[in-house]
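For reference, the structure discussed in these notes is given below.
The values are calculated or read from the model by the stated rules, or taken from the named source; none is laboratory data. On a predicted model such as this, the values are computed, not experimentally measured, just so you know. Glycine gets a Cβ as well: all are built from the backbone with ideal geometry, and neighbour counts include every protein chain shown. For the accessible areas, the whole protein counts, side chains as well, though only heavy atoms, and no ligand, DNA or RNA atoms are used. Shrake-Rupley method; radii C 1.70, N 1.55, O 1.52, S 1.80 Å.
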Amino acid sequence: GDITYEVALQKIAGTGTVILSFQDVTHLAQAGQMRRDFVANVSHELRTPLTSLMGFIETLRGPARDDAAARERFLGIMTGEAERMNRLVGDLLSLSRVEAQERVRPTAKVDLRNVLHTTLRNLTPLADDNGVVLHHDRGDLPLMIRGDSDQLLQVFTNLIENAIKYGGSGQSVEVTATTSDRDPALRAPAVRIVVRDNGAGIDPLHLPRLTERFYRADSHRSRALGGTGLGLAIVKHILNRHRGRMKITSELGKGAEFCVILPLDTDTA
Ligand code: ADP
């Protein structure tokens, strides 16, 4: 990529010497560009439903004024657009909260089995509505980590919700947890939670960028399903805070697998 330099010219008094210095400020330039891209994305995402709402308000004022059936239909669409804006603002707030807390290590002891149990219970109605069967392999051992249980709930909610949404009707979603004394990725005792679906999958070329804000592998599908494009970015920041990692593997037509790796709490006191 390009390198951005800041150039300074300094004259040393009474010596006739001039110092010309270059400082590499590429990282600052990139951060500035990312911030501008983010603001542009947010504006675009908010303006789309807003434009639609304004259009329907005009129609309700004019042509549809005396048509009760049309009015009812338009109000339904308008509610959907307002809900989309509400989800987007909610996800933006979540993202800014988790980013602000990213450097504060969580200290509470959390049994991940409870988090997974609650997540799956909350999502059973959504799975039923989508004709998806949830499978959960619930081991007998506690999975103790240091964590923020609300944030961990958010992580598994986002991943399992995606698996249900993108998994497709008639399919199943599998959630498994395994532990190891020395996980190769963390080089420490860790738990791996795998969320696997057998839906349409993701083209591997998208995988490296999937956790970026507003990055979508299939933009049309994401929007049709009410996605904000922020779910995996929120997951990434929460996992950073927990010293965790995520590995995504997928192929088109072969489903997707999201593997979360979190350090186990070995302090038994
Ligand atoms: P969205 O709100 O669009 O679902 P996410 O950040 O949660 O945003 O996910 C980013 C993108 O990753 C999605 O738009 C979708 O293209 C892709 N994706 C996420 N999970 C899956 C999955 N289980 N199967 C297929 N594609 C997925």
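Within the range 237-244, does at least one residue satisfy the condition of being within 12 Å of the ligand (Cβ to nearest atom) and open to solvent by 70 Å² or more (accessible area, probe 1.4 Å)?
No - not one qualifying residue is present in the range 237-244.
Please enumerate the residues belonging to the range 245-269 that are within 10 Å of the ligand (Cβ to nearest atom) and either touching a Gly at 6+ places or on another chain (Cβ under 8 Å) or open to solvent by less than 10 Å² (accessible area, probe 1.4 Å) (or both).
First pass over the range 245-269, keeping only residues within 10 Å of the ligand (Cβ to nearest atom): 248, 250, 252, 255-258.
Across the range 245-269, the qualifying residues are 250, 252, 255, 256.
When you look at residue 124, is it part of a strand (DSSP E or B), away from the ligand (no atom under 13 Å from the Cβ) and among the hydroxyl-bearing types (Ser, Thr, Tyr), yes or no? Give the steps one after another, and end with the answer.
Working: part of a strand (DSSP E or B): no; away from the ligand (no atom under 13 Å from the Cβ): yes; among the hydroxyl-bearing types (Ser, Thr, Tyr): yes.
For residue 124, the condition - part of a strand (DSSP E or B), away from the ligand (no atom under 13 Å from the Cβ) and among the hydroxyl-bearing types (Ser, Thr, Tyr) - is not met.
Read through the list (1) open to solvent by 50 Å² or more (accessible area, probe 1.4 Å); (2) of a type outside the set (Lys, Arg); (3) over 27 Å from residue 237 (Cα atoms), then give the number of the only condition that residue 55 fails.
Answer for residue 55: the failing condition is (1).
Does residue 147 satisfy the condition of being modelled with pLDDT under 95 and open to solvent by less than 60 Å² (accessible area, probe 1.4 Å)? Show your work before the answer.
Numbers: modelled with pLDDT under 95: no; open to solvent by less than 60 Å² (accessible area, probe 1.4 Å): yes.
For residue 147, the condition - modelled with pLDDT under 95 and open to solvent by less than 60 Å² (accessible area, probe 1.4 Å) - is not met.
List, please: which pairs have Cβ atoms under 7 Å, are six or more places apart or on different chains, and start with a residue in the range 156-184 that is of a type in the set (Lys, Arg) and end with one that is within 16 Å of the ligand (Cβ to nearest atom)?
Once the first residue is of a type in the set (Lys, Arg) and sits in the range 156-184, its partners that are within 16 Å of the ligand (Cβ to nearest atom) give 165/225.
Restricting the range 158-183 to residues that are within 20 Å of the chain's Cα centre (by Cα) and open to solvent by 50 Å² or more (accessible area, probe 1.4 Å), which is nearest to the ligand (Cβ to nearest atom)?
The extreme case among them is 166.
How about the range 66-119: which of its residues are part of a loop (DSSP other than H, G, I, E, B) and either touching a Ser or Thr at 6+ places or on another chain (Cβ under 6 Å) or farther than 18 Å from residue 149 by Cα (or both)? I'd like the intermediate steps shown before the answer.
Applying the first criterion (part of a loop (DSSP other than H, G, I, E, B)) to the range 66-119 yields 66-67, 101-108.
Answer for the range 66-119, where residues must be part of a loop (DSSP other than H, G, I, E, B) and either touching a Ser or Thr at 6+ places or on another chain (Cβ under 6 Å) or farther than 18 Å from residue 149 by Cα (or both): 66, 67.
Report whether or not residue 84 is under 23 Å from the mean Cα position of the chain (by Cα) and open to solvent by 80 Å² or more (accessible area, probe 1.4 Å). Talk me through it step by step, then tell me what you get.
Values: under 23 Å from the mean Cα position of the chain (by Cα): yes; open to solvent by 80 Å² or more (accessible area, probe 1.4 Å): no.
Considered against the rule, which asks whether it is under 23 Å from the mean Cα position of the chain (by Cα) and open to solvent by 80 Å² or more (accessible area, probe 1.4 Å), residue 84 comes out as no.
If you check residue 112 against the conditions, is it within 16 Å of the ligand (Cβ to nearest atom), touching a helix residue (DSSP H, G or I) at 6+ places or on another chain (Cβ under 8 Å) and modelled with pLDDT of 95 or more? Walk me through it before giving the result.
Numbers: within 16 Å of the ligand (Cβ to nearest atom): no; touching a helix residue (DSSP H, G or I) at 6+ places or on another chain (Cβ under 8 Å): yes; modelled with pLDDT of 95 or more: yes.
Spelling it out, it is not the case that residue 112 is within 16 Å of the ligand (Cβ to nearest atom), touching a helix residue (DSSP H, G or I) at 6+ places or on another chain (Cβ under 8 Å) and modelled with pLDDT of 95 or more.
Looking only at the range 177-207, which residues are on the phi < 0 side of the Ramachandran plot and touching a helix residue (DSSP H, G or I) at 6+ places or on another chain (Cβ under 9 Å)? Can you show your working first?
First, the residues of the range 177-207 that are on the phi < 0 side of the Ramachandran plot: 177-186, 188-200, 202-207.
Of everything in the range 177-207, those that are on the phi < 0 side of the Ramachandran plot and touching a helix residue (DSSP H, G or I) at 6+ places or on another chain (Cβ under 9 Å) turn out to be 177, 191, 193, 195, 196, 197, 198, 199, 200, 202.
Is it the case that residue 205 is open to solvent by 10 Å² or more (accessible area, probe 1.4 Å), hydrophobic (A, V, I, L, M, F, W, C), at pLDDT 95 or above and within 7 Å of the ligand (Cβ to nearest atom)? Reasoning before the result, please.
Details: open to solvent by 10 Å² or more (accessible area, probe 1.4 Å): yes; hydrophobic (A, V, I, L, M, F, W, C): yes; at pLDDT 95 or above: yes; within 7 Å of the ligand (Cβ to nearest atom): no.
Judged against the criteria, residue 205 is not a match.
Can you tell me which of (1) near the ligand (Cβ under 8 Å from one of its atoms); (2) under 17 Å from the mean Cα position of the chain (by Cα) is the one residue 200 doesn't meet?
The one condition residue 200 does not meet is (2).
Are any residues in the range 213-224 within 7 Å of the ligand (Cβ to nearest atom) and surrounded by 14 or more Cβ atoms within 10 Å (Cβ to Cβ), and if so, which ones?
215, 216, 217, 218, 222
For the range 213-235, name all the residues that are closer than 17 Å to residue 90 by Cα, charged (D, E, K, R) and in contact (Cβ under 8 Å) with a residue 24 or more places away in the chain.
Correct list: 213 only.
For residue 210, indicate whether it is among the aliphatic types (A, V, I, L, M), near the ligand (Cβ under 8 Å from one of its atoms) and closer than 28 Å to residue 90 by Cβ.
Numbers: among the aliphatic types (A, V, I, L, M): yes; near the ligand (Cβ under 8 Å from one of its atoms): yes; closer than 28 Å to residue 90 by Cβ: yes.
Considered against the rule, which asks whether it is among the aliphatic types (A, V, I, L, M), near the ligand (Cβ under 8 Å from one of its atoms) and closer than 28 Å to residue 90 by Cβ, residue 210 comes out as yes.
Please tell me if residue 69 is surrounded by fewer than 14 Cβ atoms within 10 Å (Cβ to Cβ), small (Gly, Ala, Ser) and more than 25 Å from residue 236 (Cβ to Cβ).
Numbers: surrounded by fewer than 14 Cβ atoms within 10 Å (Cβ to Cβ): yes; small (Gly, Ala, Ser): yes; more than 25 Å from residue 236 (Cβ to Cβ): yes.
When the stated conditions are applied, residue 69 passes them.
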